[in-house]
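> Pasting in a structure now, in structure tokens, and then I'll have a few things to ask.
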């Protein structure tokens, strides 16, 4: 009769043999499954690759054709076209007159107010129509577009102090009488605070529809509309558009002219003298709490960002230029 030790040893040997057999079976099954899965994945990958190649083959002629007709491709040819002049575009109190004078002094052989294009202040309650932009794209390829901008709250204060071409906000019907003659707007804001001005409907000069004067809900909505019109032109001529901050260029006009020379190979008039920094540098505008809230609520900061502005440029603070 076998001893207990012999039985235990035999049992262990049988168990080890079963483990080895089962292990080999698992490895064999795993190899078979792995090979099957690998084959299936390879087939699917090859099938997907063939489909992609087919799609690329179908798509490539379209992409190449689009590349030949894209605005960027056409615009890249513009440096070879002689430049005839500049077109300065911007809102009132944004330095358009200053820029025109600077360009005329530096480059007297080029007009600073090229006749092609909209009036520099872009009056008109609607955005530019597609037909208008298409015409510009065909005939205005030989000018440089200079877009003048100013920090939104500083600009609003400028419009409050000098409301060029703004119909009387308290009596917009008077705007009809101003269309045939020069419009300044001076004296229209007697007794109105800057806070009230920021919150009043704005009636732009000569904006009539069926005899009715068209209004913007406030000065900042008017500004956003003008920025959108500027962007329409910028998108049309990305290589010939320059955004200029009024306050920045006044501090270093010579640098601006130098940059134009470097970029477009202009020749500066030998008698030109930029005169250095302007004596009319405006200090940062301080808003009271109510003005600041009105501004932050109504300014289109997304659009402003495309022109280099952000909400920290409107300051709520105490200072001598508070508009109480």
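Derivation of every value follows stated rules applied to the coordinates shown; laboratory data play no part. All values derive from a computational prediction rather than experimental measurement. We place every Cβ from the backbone using ideal geometry, glycine too, and count neighbours over all the protein chains shown.
> So how do 132, 216 line up by other beta-carbon neighbours within 10 Å, fewest first?
Going from sparsest to densest Cβ surroundings: 132, 216.
> Within 10 Å, count the other beta carbons around each residue, average over each peptide in 99-111, 145-157, 250-262, and list them highest first.
My ranking of the peptides, most packed first, is 145-157, 99-111, 250-262.
> So what's the gap between the Cα centers of segment 93-117 and segment 213-270, to the nearest angstrom?
With segment 93-117 and segment 213-270 each reduced to a Cα centre, they are spaced 11 Å.
> Say each of residue 139 and residue 268 gets a label point 7 Å from the Cα, pointing the same way as Cα to Cβ; how far apart are those two points in nm?
Here the modelled spin labels are 3.5 nm apart.
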